[in-house]
Each structure stands twice: as structure tokens, then as C-alpha cells.
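Let me begin by presenting the structure, written as C-alpha cells, before commenting on it.
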Amino acid sequence: MNRMNSIALCCALGAALHTGCILPTGVSDPADPHVDASSIFSTTAFSVFPVRPSWSPDASAIVFSGNLATNASNTTIWKVSASAMSTPVVLGGDAAYCPSYLPNGMIVYYTGWIGTDLDMHIMIASPAQSAGSFTANILHSFNGSDVGKTLNSAHSPEEMSVSDDSSRAFIIWAQDSAYVLRWNADDSLIQAYKVESQIYYGTISPDGAKIAYTNTLGKIVWMASEGGVEHVISTGHYPTWDATSTKIGYTNATVYEVYNLSSSSSTFFKLEGAIQHPALSPSGHAIVYRTFGGNANGLALGVLTQ
């Protein structure tokens, strides 16, 4: 019996018969809270890269990686308004993956070699409003040998997230190869912590103190960003954080679950269908996620409604 069915059964039979079965704070019926979904866009003109999109600090815009159908070999950074029926614009970047917003509105993303520079790079750029007009600078560098690869090798990550102060990055190369990197202010790499568990998806908290991920057993886990005790929360996929680093949102079968670390309680929001790579908004009141179907894919908004 899953958690939703267990909670429903407890409510039906009464707390007197089932001690410890209570609804999360503020939820009167587990079938009532739901995700109000609306399409931002769906297109065949380009592909949305299957990785977490990222909210702007004020939740007005989304950035994501994508490939033009006419140039499917090159992934670039795109931006779209966080509202229904919006049109994405390409910002730029060459072989640019896993963009994230910083609190100051800047965008960071991964790219590999730059010319004769055989390090790997986290780039930083200002998100211009018009297509193709932003310029990026190197924020941090690291070598393949720092993250279990061969010297001077470059690999596109499956996931990358960066702390608000940009001193830490959580990068997933494969389920058995994930690292938390930490830099000094002068860009010198001072730590590369390899996550011991095998994992699928994961993100670093905005404060940089914690990471959350899905392990190979399909469990949502959080732990200190540089090692420590693993705290198993629930079954699920695609964990992301709110701006306060106290809430983790993720899919859990037919619901979107938001877990509050401060109260050790969850709120469940019913999903109408399968979603990919959802990202919790800074306020924790909405998600943006990748949609798919037929030859088209895109992004959608989901308002967490109680």
C-alpha cells in the first residue's frame, strides 16, 4: 500500500484505530490538493533538453537547455516567460547545458573545452531579453581529473546545480559518478567530494549546505553537501528545492510531494499525468516541468493548489 492509500485508509477508519496516521499540516483530504497545469509552449521547432529547467529569482521567467531542429548537434540556452502560451527566445551559449539562475539574476551553465583550454567550465552570463545577445564569462573551472575522469577530458553532465553564492556545484555525470565541487573566491578548487551512493537525479540546496537526490532504489534522500548521514524521505524522482532550502519537491507516483525539513511533514498534490524534470518555484507554490508527446515537447506550469 502506498503512502496516499495508507493516509486515506487511516482517515476512513479513524485515528483511534490507526495511531500515527495523520494528514500533513493544512491538508484536509489527500485527494483535494492538486496541480493546476497549463502549457507554456509545445513545439517541433526544437527539442527541450531532458534536464531540470530553472526559475528566475522573481519566478517571472524560466531558462532551459534546448536544441534547434536545424542544428540538433548544438545545445544552447533558452528563456521563456513563466506564463501560459509564451514564446521562448534563444539567449546563446555554445554546447551549453544545465542552466540555473542565481539570486542576482545572472545565469550559470556548464560548457566543456573553450578553444585550447582543456578544463571544463561553469559559465556566468547576464540574461538578455533579445535572442542571441548575451555574453558569458568563465565563473569556475575544473579538470576531468578532478571528477574521476581522465586528464583534460570533457563530458556533458546529466545534471548540474549551483548554490546561491556560486561557491558550490553539484554535478551528476552518471549514476555512479556525482560530485560536489567547492571553490575559493579566487576560483581555486578546494574540494571535490564524490557522493558515495549511486543516484539518478539531484540538486544542491540554494544555501549550498545540502543535496537531495533519487537513489537507485527510487528513494528521495537528502544529506549534507559534503558528506554525512543520508536521510531517506520517501519514494520519488526529480527532487528540487525552494529558495529557503527547507522544502524539497518531487514526483511520487501520481502526486507531487513537497517535504518540509523543518516540520518533517509532507503535502501531496495530485497530478493528472506523467511529468518530467519538474522544478519547484522559489516560493514553493508552483512547478515548471518538461512535457512530451508525439513529435513535440515543451514546458508547462503547475500551480500547487490546496
Flagged in region 144-163 as among the polar types (S, T, N, Q) and either on the phi < 0 side of the Ramachandran plot or not assigned by TED's automatic domain parsing to the domain that holds I122 (or both), in numbering order, are S145, T150, S153, S156, S161, S163
V51 passes all but one of the listed conditions (1) at pLDDT 75 or above; (2) farther than 18 Å from Y256 by Cα; the exception is number (2)
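Results for (1) part of a strand (DSSP E or B); (2) assigned by TED's automatic domain parsing to the domain that holds Q276; (3) hydroxyl-bearing (S, T, Y); (4) more than 24 Å from A279 (Cβ to Cβ), shown as yes or no for each residue.
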residue	(1), (2), (3), (4)
D165	no, yes, no, no
I172	yes, yes, no, no
L181	yes, yes, no, no
A192	yes, yes, no, yes
S197	no, yes, yes, no
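This table checks each residue for (1) touching a residue at least 24 places away in the same chain (Cβ under 8 Å); (2) outside any strand (DSSP E or B); (3) over 26 Å from F170 (Cβ atoms).
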site: A84; (1), (2), (3): yes, yes, yes
site: T87; (1), (2), (3): yes, yes, yes
site: D94; (1), (2), (3): no, yes, no
site: C98; (1), (2), (3): yes, no, no
site: Y109; (1), (2), (3): yes, no, no
site: M123; (1), (2), (3): yes, no, no
site: P127; (1), (2), (3): yes, yes, no
site: I138; (1), (2), (3): yes, no, no
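In region 128-143, which residue that is of a type outside the set (A, V, I, L, M, F, W, C) and modelled with pLDDT under 80 is surrounded by the most Cβ atoms within 10 Å (Cβ to Cβ)?
Keep residues of region 128-143 that are of a type outside the set (A, V, I, L, M, F, W, C), which gives 129-130, 132-133, 135, 137, 140-141, 143.
In the following step, the residues that additionally are modelled with pLDDT under 80 were identified as 129-130, 132-133.
Working: Q129: 10, S130: 9, G132: 11, S133: 13.
The qualifying residue surrounded by the most Cβ atoms within 10 Å (Cβ to Cβ) is S133.
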Note: among T291, T240, T267, just one is at pLDDT below 95, crowded, with 19+ Cβ neighbours inside 10 Å and either part of a strand (DSSP E or B) or on the phi > 0 side of the Ramachandran plot (or both), namely T291
When every residue in region 59-77 that is touching a residue at least 24 places away in the same chain (Cβ under 8 Å) and more than 16 Å from the chain's Cα centre (by Cα) is compared, the one surrounded by the most Cβ atoms within 10 Å (Cβ to Cβ) is T75
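Conditions (1) of a type in the set (S, T, N, Q); (2) closer than 24 Å to N215 by Cβ, marked per residue:
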position: A136; (1), (2): no, no
position: S145; (1), (2): yes, no
position: G148; (1), (2): no, yes
position: L151; (1), (2): no, no
position: H155; (1), (2): no, yes
position: S161; (1), (2): yes, yes
position: D165; (1), (2): no, no
position: R168; (1), (2): no, yes
position: W173; (1), (2): no, yes
Exactly one of G208, G284 is at positive phi, modelled with pLDDT of 95 or more, crowded, with 19+ Cβ neighbours inside 10 Å and touching a Ser or Thr at 6+ places or on another chain (Cβ under 6 Å), and that residue is G208
Flagged in region 215-234 as farther than 23 Å from R182 by Cα, free of Cβ contacts under 8 Å to residues at least 24 places away in the same chain and not in a loop (DSSP other than H, G, I, E, B), in numbering order, are K219, V232
Residues of region 110-128 being closer than 18 Å to G208 by Cβ and among the hydroxyl-bearing types (S, T, Y), in sequence order, are Y110
| task | Confirm whether T246 is touching a His at 6+ places or on another chain (Cβ under 7 Å), without any contact (Cβ under 8 Å) to a residue 60 or more places away in the chain and either farther than 23 Å from S281 by Cβ or surrounded by 16 or more Cβ atoms within 10 Å (Cβ to Cβ) (or both). | result | no
When every residue in region 183-193 that is touching a residue at least 40 places away in the same chain (Cβ under 8 Å) and surrounded by 13 or more Cβ atoms within 10 Å (Cβ to Cβ) is compared, the one nearest to D119 (Cα to Cα) is L189
Those residues of region 219-232 that are under 17 Å from the mean Cα position of the chain (by Cα) and more than 13 Å from A209 (Cα to Cα) come to a total of 3
Those residues of region 91-113 which are crowded, with 17+ Cβ neighbours inside 10 Å, more than 11 Å from A125 (Cβ to Cβ) and among the polar types (S, T, N, Q) amount to S100
Subset of region 78-96, residues within 17 Å of the chain's Cα centre (by Cα) and under 20 Å from I287 (Cα atoms), comes to W78, K79, V80, A82
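The values are calculated or read from the model by the stated rules, or taken from the named source; none is laboratory data. What you see is a predicted model, and the numbers here were worked out from it, not measured in a lab. Ideal geometry is used to build each Cβ from the backbone, glycine not excepted, and the neighbour counts take in all protein chains shown.
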